[in-house]
Structure formats: C-alpha cells, structure tokens
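For reference, the structure is listed below as structure tokens.
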Amino acid sequence: MRLSRHVRSNIKLYDINEDDIRKTIEVPDIIEKEGVKTIAIRKFEGKYSGYPLKVVYEKIEEELVVITTYPLKKKLWR
C-alpha cells in the first residue's frame, strides 16, 4: 500500500491511524466504484469525532495507491 503526499498530510491533519486506512480498505462498511477509483467508508467507534473514515484508492498493477482519506463529515451517509 502506497500513500500519496496528500494522504500523509491528511494523516497528520486529522490524526488518522494507518491501520485504520488498511481496515477501511479490507473490511469497509460501504464500498463504491468511481471509474478506476474505489471509495471505501468505515465507521470506527470512538474515533474521528464519530464520523466514518473515507478512503479513496486505486489499484495500479499489483499495488494499492491511496489517493485521499479523511473523516466523512456528512450528517447522512449510507
């Protein structure tokens, strides 16, 4: 799994744990495809102010490249 520079910034900004990014990709609550990108969303109890974590990634050859991640601050999420 490779993290973009943007993801590394968001990890610091939102205090996101890299293991939570992995867990969101491996066992998401919701998963959607948007072209070649995959959007995974997972809620972690007691973390990220109660908001679910959103991870956008794509598979390039045999490598997962995480494009962005952040707490999804929408009131309603599926």
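The values are calculated or read from the model by the stated rules, or taken from the named source; none is laboratory data. Here the structure is a predicted model, which is why all the values come from computation and not from measurement. Note: ideal-geometry Cβ built from the backbone for every residue, glycine included; neighbour counts use all protein chains shown.
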(message) If I filter region 50-63 for residues that are hydroxyl-bearing (Ser, Thr, Tyr) and assigned to a helix (DSSP H, G or I), do I get at least one hit?
(response) no
(message) Quick test of your reading of the structure: Tyr48 fulfils all but one of (1) at positive phi; (2) surrounded by 12 or more Cβ atoms within 10 Å (Cβ to Cβ); (3) free of Cβ contacts under 8 Å to residues at least 12 places away in the same chain. Name the failing condition by number.
(response) (3)
(message) Considering only residues that are assigned to a strand (DSSP E or B) and surrounded by fewer than 12 Cβ atoms within 10 Å (Cβ to Cβ), which ones fall in region 6-45?
(response) Lys33, Glu34
(request) State whether one or more residues within region 65-78 are free of Cβ contacts under 8 Å to residues at least 40 places away in the same chain, surrounded by 10 or more Cβ atoms within 10 Å (Cβ to Cβ), in contact with a strand residue (DSSP E or B) (Cβ under 8 Å, 6 or more places away or on another chain) and of a type in the set (S, T, N, Q). (result) no
(request) Mind listing whichever residues of region 53-63 are modelled with pLDDT under 95 and in contact with a strand residue (DSSP E or B) (Cβ under 7 Å, 6 or more places away or on another chain)? (result) Glu63
(message) Suppose we filter region 1-43 for residues that are in contact with a helix residue (DSSP H, G or I) (Cβ under 6 Å, 6 or more places away or on another chain) and modelled with pLDDT under 95; how many remain?
(response) 0
